[in-house]
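Enquirer: Below: one structure in structure tokens.
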Amino acid sequence: MTLNECRLPALLLAALLGGCASRLPPVKVEPPSPTDLANREVLDYQQKLQDFSPAEREQELRRLSSAAPTPANSLSLALLLARSRSSADLAQAQALLDAVQRKPDAQPYQPLARLLSSLIAGLRSEQRKQEEQQGEQKKLEEQLERQGQQLRDSLKKNEQQNERLDALRGQLDALNLKLEALKAIERSLPSRPAPASNGVKP
């Protein structure tokens with residue numbers, strides 16, 4: 001087989017493959033929907049928030065609080081507030097998300113606002129349960145402290161009563177000793193003659 005004969009199958013194969021490639025329809029790339037763009041914007045902001053220092057978060061909180069209440073700003077502020085996990089901040093974040101869900105012009109942001117609102121509602125519910133448990137625990141601790149104090153007071157009172165009883169026993173023993181001493185003195189005295197009857201001397 002000559003060199004030209006070897007090249008012929010390779011050229012045919014290349015032409016065949018080239019023809020297949022030219023027959024593929026071009027891939028049509030759809031532009032992202034407004035909801036996709038809104039989701040990307042909010043998720044990018046959430047990623048950026050993770051790198052903020054506490055001072056930067058405080059500065060961002062002031063900026064967003066004074067900015068126009070656009071859907072994007074409202075979601076950003078809700079994400080920032082939710083990071084603190086305080087009851088007041090979570091309530092404010094949920095109010096912002098609920099407001100976004102009611103705005104007709106915020107439709108691209110509404111699916112994410114619903115999701116975040118649901119997550120925050122779950123967090124708030126857990127927080128309320130924890131606060132209730134802490135309240136119950138505090139009540140039990142206070143009750144135990146009161147009972148402990150009552151027990152201490154009762155023991156102290158019993159101790160004082162025992163001390164009084166011991167003092168009374170000591171006084172009683174001292175009186176008994178005096179009484180015995182008086183009896184002993186009385187027994188040691190000479191007996192007196194009995195008084196004469198009818199005035200007659202013996």
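Enquirer: Does the stretch 51-61 include one or more residues that are open to solvent by 100 Å² or more (accessible area, probe 1.4 Å), modelled with pLDDT of 75 or more and assigned to a helix (DSSP H, G or I)? So that I can check it myself, show each step before the final result.
Expert: Step one: filter the stretch 51-61 for residues open to solvent by 100 Å² or more (accessible area, probe 1.4 Å), giving 51, 59.
When the remaining residues are screened for being modelled with pLDDT of 75 or more, the result is 51, 59.
If we keep only those that are assigned to a helix (DSSP H, G or I) as well, we get 59.
Yes, there is a match, as at least one residue in the stretch 51-61 is open to solvent by 100 Å² or more (accessible area, probe 1.4 Å), modelled with pLDDT of 75 or more and assigned to a helix (DSSP H, G or I).
Enquirer: Being within 22 Å of the chain's Cα centre (by Cα) and within 20 Å of residue 40 (Cβ to Cβ) is the requirement here; does residue 117 meet it?
Expert: yes
Enquirer: Take the residues of the stretch 53-99 that are more than 21 Å from the chain's Cα centre (by Cα) and acidic (Asp, Glu): which is nearest to residue 124 (Cα to Cα)?
Expert: Filtering first and then ranking leaves 98.
Enquirer: Sort out which residues of the stretch 93-105 are open to solvent by 70 Å² or more (accessible area, probe 1.4 Å) and either small (Gly, Ala, Ser) or modelled with pLDDT of 90 or more (or both), and write them in order of number.
Expert: Scanning the stretch 93-105 gives a single hit, 102.
Enquirer: Let me ask another. Quick check on my filter: what residues within the stretch 107-159 are in contact (Cβ under 8 Å) with a residue 60 or more places away in the chain and open to solvent by 100 Å² or more (accessible area, probe 1.4 Å)? If you could, list the steps in order and put the result at the bottom.
Expert: Initially, the stretch 107-159 is screened for residues in contact (Cβ under 8 Å) with a residue 60 or more places away in the chain, giving 107-109, 111-112.
107, the sole residue that qualifies.
The values are calculated or read from the model by the stated rules, or taken from the named source; none is laboratory data. Note that this is a predicted model, so its numbers are computed, not measured. Cβ: placed from backbone, ideal geometry, glycine included. Neighbour counts: every protein chain shown. Accessible surface areas use protein heavy atoms only, side chains included; no ligands, DNA or RNA. Shrake-Rupley method; radii C 1.70, N 1.55, O 1.52, S 1.80 Å.
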